[in-house]
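Here is the structure we will look at.
What follows is calculated from the coordinates using simple rules that are stated; it is not laboratory data. Just so it is clear, the structure is predicted and the values come from calculations on it, not from any experiment. Note: ideal-geometry Cβ built from the backbone for every residue, glycine included; neighbour counts use all protein chains shown.
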Amino acid sequence: MRIAMIGTGYVGLVSGACLADFGHEVTCVDKDQGKIDRLNAGEMPIWEPGLEALVKANVERGRLHFTTDLASGAEGAEAVFIAVGTPARRGDGHADLTFVFEAVRELAKSVKPGTVVVTKSTVPVGTGDRIAEVLAEEGVAGVAVASNPEFLREGAAIRDFKIPDRIVVGAEDEKAREVLREIYRPLFLNQAPILFTGRRTAELTKYAANAFLATKISFINEVANLCEAVDADVQDVARGIGLDNRIGAKFLHAGPGYGGSCFPKDTLALLQTAEEAGVEQRIVSTVVSVNDNRKAALADRVELAVGGSLAGKRIAVLGLAFKPNTDDMRDAPSIPLIDGLKDKGASVAAFDPVAMNQAEPLLPGIDFTRDAYAAADGADALVIVTEWDEFRALDLGRLARAMRGRALIDLRNVYEPAEAERVGLTYFGIGRGRLPH
Ligand code: NAD
């Protein structure tokens, strides 16, 4: 089947490459000429494990193409996916749909009857209805609009796309259902459940899923706070509750608070939808403020660990990306942490295995180092922010020798307190009993 993917970012590029790998003929369209030039030159604009090989293989087989020209990219396509960004609008947190409607109006100029337009971007309830209206306003007839929210996770995006927990399709007519069933047919072999529902329900399902996951994170983070006050260990509490099948072990890792390109904006957008509908969402509202407060207080944790003022102190930060295996810096907890450290007068040396290029414009005035040990050199405290694999087996003795101070602040609970103490470091984890003085 011929497919066009508008927006060639983390979601569009991975989805386009995977759909090509299923055997479809896919054209990925992006308005960013630089991105398309790099892709046409065989370079990846983002860092995602396995993506380069997948793109290369499908380009070589002639099934995956890249262009900035929407009209030619969408020509003859039975399905046109919209995978452009939907960031939070400044001020009110509403999902900014500028890119979506820009793409729809552009598409309207060339789209042919019989095409199915599918939103893969995360969009508020009613966006599909509005897209149908805009197409009609532009004189387009015979085009179905469906919702197919994407649930992939950066860092494991290809696996998530190819072996999804479920596929959600919201459609109002049989033609759209048929086309989407055909697109995802290869996944039926993996027995991936496909849920057909109404368009508005599919749109809301994505927000409800992310809000629920964000709730689990904020929940365990609050339990971690309690553990620090009553001398209990959140790692064991999480395991103790997570082994209950009704609860599940995932998303119960206490840490610095959730970040990334989805949870912060999607929780805010859900609250906006609820406000417009006149319905309270007190749980999600609390989740958002718990998380905001947590991120705002990260530098205070470091201050506590060094035992006083951070003025003139040097702090080593390991990990900048919002999570491992991605270069994505959007809403990363490292940003409020480092901003807070600088505000308190500290200097910062930071290392991340892949995200330093993305981080540089966002974090001016800090030193980027070649590895973890160089970051630790002369540091008064070392903070682990992102749990990259290479930070799980650091030579703590070597770090301790390089450092000037003793504090290891492990915001991901990668290490056991005893391991740090063995080499003379003072360990400050998250929710690992009473904090040392
Ligand atoms: P992104 O910023 O990485 O990519 C979006 C791309 O769209 C950019 O390359 C941009 O140049 C392009 N674009 C914008 N307007 C365009 C237009 N009119 N025509 C052509 N191209 C255009 O964003 P992303 O992370 O891939 O997210 C895309 C959507 O998917 C968002 O709604 C997001 O919430 C959702 N989503 C993201 C993830 C994730 O992990 N990143 C997971 C699930 C869902």
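Here are some notes:
- Residue check, E387 surrounded by fewer than 23 Cβ atoms within 10 Å (Cβ to Cβ) and free of Cβ contacts under 8 Å to residues at least 12 places away in the same chain: no
- Only one of L320, L310, L268, L252 that is assigned to a loop (DSSP other than H, G, I, E, B), under 23 Å from Y207 (Cα atoms) and either in contact with a Cys (Cβ under 6 Å, 6 or more places away or on another chain) or among the hydrophobic types (A, V, I, L, M, F, W, C) (or both): L252
- Within region 238-254, residues that are over 19 Å from L411 (Cβ atoms) have Cβ atoms under 7 Å from residues that are assigned to a helix (DSSP H, G or I) in these pairs: I247/I241; G248/G242; A249/G242, counting only partners at least 6 apart in sequence or on another chain.
- Residue list for region 19-35, filter: of a type outside the set (S, T, Y) and either part of a loop (DSSP other than H, G, I, E, B) or buried (at least 24 other Cβ atoms within 10 Å of the Cβ) (or both): L19, A20, F22, G23, H24, V26, C28, V29, D30, K31, D32
- Filtering region 237-252 for residues that are touching a Pro at 6+ places or on another chain (Cβ under 8 Å) and either buried (at least 18 other Cβ atoms within 10 Å of the Cβ) or of a type outside the set (G, A, S) (or both) leaves an empty set.
- Residue among A224, A214, A229 that alone is in a helix (DSSP H, G or I) and either surrounded by fewer than 17 Cβ atoms within 10 Å (Cβ to Cβ) or out of contact with any helix residue (DSSP H, G or I) (no Cβ under 7 Å at 6 or more places or on another chain) (or both): A229
- Taking (1) within 14 Å of the ligand (Cβ to nearest atom); (2) buried (at least 20 other Cβ atoms within 10 Å of the Cβ); (3) more than 28 Å from T386 (Cα to Cα) in turn, V134 satisfies each apart from (2).
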